[in-house]
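Worksheet for the structure shown next.
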Amino acid sequence: MWALVAIAVVLVVSAWIRRPGFTEGGFASHDVGGILYNAMVLRAGGLPYVDTVEFKAPGSFYLALLFAGSEARDIAMFQIAANLTALASLAMLAALAWRLWGAGAAVVAAVVFALHDANLDSMDANYVTWALLPQIAAMYVAFVADDRRRGQATPRAVARTWFAAGVLAAVATLCKQPSGIVLVAAGFHAFAGGPRRDLRAALWVFAGFVAGHAPIGLHFLARGHLGDLLAGYIGSPWGLAYVGHHLETPLWEAARDGLLATTFFLALPLLLAAYAIPAERHDRPEPHRKIVATLLVWFVAGLAGASIGLRFYKGYFLAALPPVVLLAAAPWGLCGANLWRGGVVRFVTAPVLALLVARAATILHATREDRARPHDEGARRIAAHIAAHTGPDDRIWVWGWHLWGVFAYSGRLSASPIYKTPGLLTRFEDDSWRRQASPLVFEPSSPYVPILLADLERNRPAYIVLGASVPRNDFTDLRRFVAANYDRDRRLVVGRAEIWRRRDAAPITP
């Protein structure tokens with residue numbers, strides 16, 4: 001009972017930490033503007049990858065249809081659902097720790113996880129938040145399947161459980177492609193986690209992974225666009241370019257950056273796990289040792305996912321957090337009886353742990369304070385102005401990553417499938433977890449330049465908004481198009497953004 005009470009307290013505290021995410025109701029991550037925009041397209045009868053140029057996974061778009069209000073664009077409702085999902089992830093991890101190590105480990109896992117997750121996902125409704133719960137659930141079900149095959153369950157029941165683990169891995173992948181790396185951990189446990197190697201179990205996991213994609217695949221197939229789904233979700237040239245644009249980084253530099261980022265974001269659980277892993281004795285039961293091996297595979301797989309693109313954003317490390325927390329919570333580790341032993345552990349390691357806990361709490365406080373402040377006031381004001389001076393069927397086009405939320409706030413669709421432009425009109429950003437981005441560089445030779453101009457010429461959006469951070473003066477053909485067809489709307493001034501209204505829409509009064 002005490003463990004359940006303790007975990008409930010951790011959940012309440014975590015909910016308090018996330019309180020701004022339940023109440024602020026704005027875009028803390030502009031990526032979420034892309035999620036809601038694709039949901040708006042789905043609601044209007046369109047399809048991602050067909051009516052939007054996109055390479056992100058589609059699962060979050062469908063979740064926005066469910067959780068972002070009747071028009072699929074209510075960011076406040078979407079973030080409430082996302083924060084509830086994040087709390088469910090914490091509860092699921094505690095349940096998994098309890099299943100593996102017992103009640104005490106569940107409490108430790110909940111505390112260590114809660115000290116990190118709200119910062120890593122920045123309390124927003126981003127792809128990583130939605131992907132985490134099915135990742136943890138996939139591994140929970142995989143461990144259940146292993147227990148069943150060691151017990152008295154029928155082969156059919158065991159096969160169904162492995163299949164379910166694969167389905168959950170597919171759901172995680174549909175929310176964020178790199179999260180599909182959890183399939184490696186689930187498949188490894190199916191194959192090598194039992195009393196003997198079990199290829200059939202691994203195949204059931206893979207079959208579930210394929211089947212988990214069926215609902216969205218059938219939706220696209222019914223519309224005659226299955227190929228577009230496969231090309232956008234799996235083989236998008238834009239997505240591959242995004243992944244590869246940092247691959248020229250020297251290997252030693254990438255390894256150093258990855259090591260520094262991993263240590264920076266996961267210092268506390270890494271220290272705890274680093275003690276627990278070598279402390280594991282070979283005289284423990286065979287299932288116990290194989291669980292540790294699976295958790296190590298899961299952690300390495302999570303780090304591999306976080307390393308894609310070599311940018312090491314903090315949100316990427318959310319996928320590596322659960323396995324290292326589970327290792328940190330092992331009852332023979334520092335948070336078990338060893339914490340109270342004398343010698344080096346008490347007088348050296350415990351004070352270091354205290355400092356790391358204080359550091360994590362300080363970071364959480366800063367994250368909470370930052371999330372409580374709006375990060376998109378400009379987008380809100382621009383969207384309100386556009387909504388007041390256009391009709392529901394009017395189209396708009398905005399240029400600038402900080403303006404993606406304008407689509408959702410205004411309720412207006414883009415005049416071009418090219419609604420976001422990094423890697424299409426400009427070079428990809430070169431920022432990383434510790435380096436700010438250089439100014440954007442326009443790519444005049446990009447094949448998307450004439451496509452965009454043709455879309456704008458054909459659809460004549462009611463408004464065009466050019467952000468301050470984009471190289472708008474270098475896009476001379478766009479400048480000519482705007483000068484010939486639009487007037488600057490100076491009734492609203494938002495920083496250095498330029499707001500242009502189509503000239504034949506209505507005269508603009510001073």
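Any read-out appearing in this document is the output of simple, stated calculations on the displayed coordinates, not a laboratory observation. This one's a predicted model, so the numbers in the text were calculated from it and none came from an experiment. Using ideal geometry, Cβ is built from the backbone for each residue, glycine included, and neighbour counts are taken over all protein chains shown.
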With the 8 Å Cα cutoff and a minimum separation of six or more residues, the chain has a relative contact order in percent of 16 percent
Mean Cβ-within-10 Å packing, highest first, puts peptides 50-58, 64-72, 211-219, 129-137 in the order 129-137, 50-58, 64-72, 211-219
Per the rule of 0.36 nm per residue minus the C-alpha distance, extending residue 300 to residue 354 adds in nm 16.8 nm
The orientation-averaged projected area of the Cα convex hull of segment 1-45, in nm², is 4.9 nm²
Diffing segment 89-103: the Karplus 3J(HN,Hα) column from phi (6.51, -1.76, 1.60, θ = phi - 60°), in whole Hz with x for Gly and Pro, holds 4, 4, 5, 5, 5, 4, 5, 5, 4, 4, 5, 7, 10, x, 5
HN-Hα couplings for segment 129-137 via Karplus (6.51, -1.76, 1.60; θ = phi - 60°), in whole Hz with x for Gly/Pro, come out as 5, 5, 7, 5, 4, x, 4, 5, 5
Burial-style ranking of 73-85, 492-504, average other-beta-carbon count within 10 Å with highest first, yields 73-85, 492-504
Taking a straight Cα-to-Cα line shorter than 20 Å from residue 290, and setting aside same-chain aspartates and glutamates fewer than 8 residues away, one finds 146, 147, 198, 280
Summing -39500 (n - 2.57) over every DSSP H run of at least 4 residues in the chain and dividing by its residue count gives a helix-only mean residue ellipticity at 222 nm, to the nearest 500 deg cm²/dmol, of -19000 deg cm²/dmol
In cubic angstrom per residue, the convex hull of segment 78-185 built on its Cα atoms measures 97 Å³
Of the convex hull enclosing the alpha-carbon atoms of segment 1-145, the direction-averaged projected area in nm² is 9.4 nm²
In whole Hz, the Karplus estimates of ³J(HN,Hα) for segment 390-404 (6.51, -1.76, 1.60; θ = phi - 60°; x where Gly or Pro) are 9, x, x, 8, 5, 9, 9, 8, 10, 10, x, 4, 6, 10, 4
If one compares the long axis through the Cα atoms of helix 31-43 with the longest principal axis of the Cα atoms of the chain, the angle in degrees, nearest 10, works out at 70 degrees
So for R0 = 22 Å, FRET eff. of residue 43-residue 221 from the Cβ-Cβ r, to 0.05, ends up at 0.65
Placing each pseudo-label 7 Å from Cα in the direction of the beta carbon, residue 377 and residue 264 end up separated by a distance in nanometres of 2.8 nm
Calculating Cα Rg over 2.2 N^0.38 Å from this structure picks out, from [x] 1.04; [y] 2.26; [z] 0.93, entry [x]
Per the 1/(1 + (r/R0)^6) rule, R0 = 41 Å and r from the Cβ atoms of residue 437 and residue 153, FRET efficiency to 0.05 is 0.20
Percent antiparallel among DSSP beta bridges confined to the chain, nearest 5, equals 50 percent
The aspartates and glutamates whose Cα lies under 19 Å from the Cα of residue 176, excluding any fewer than 8 residues away in the same chain, are 31, 54, 117, 121, 124, 228
Rounded to whole angstrom, the alpha-carbon centroid of segment 1-66 lies from that of segment 208-247 at a distance of 20 Å
The convex hull of the Cα atoms of segment 289-336, divided by residue count, gives a volume in Å³ per residue of 64 Å³
